[in-house]
């Protein structure tokens, strides 16, 4: 059985993919209407909207790549849902077993290799 976070990530991926696909289809529709409608009935707004909608996926992917590169370079990650930032976990070495009391929490990087 999969974890809830994995199911939610698939929903995010499919939602974003559908939105980007709808942008491309809308932009193509604007271009098609701009080309097929006679010049005196068409508007330059259709051409501008077509370019904006068709370029939307490119802008999204370029911003995504920049975010990934900058987050790796500067060592930060923004995560939705209040998950641990920077893959860090709080570890309490002094707490008794089964206790939920936090005495002195230490932050340990879970990505470091021993």
>> Cut-off 19 Å, label point 7 angstrom out along Cα-to-Cβ of residue 52: give me the residues of the range 15-45 whose amide nitrogen falls inside.
In response: 19-35, 42-45
>> Cut-off is 10 Å between beta-carbons; in what order do 36, 64 appear when sorted fewest neighbours first?
In response: 36, 64
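Laboratory data are not the source of any read-out in this text; all were calculated from the coordinates shown. On a predicted model such as this, the values are computed, not experimentally measured, just so you know. Note: ideal-geometry Cβ built from the backbone for every residue, glycine included; neighbour counts use all protein chains shown.
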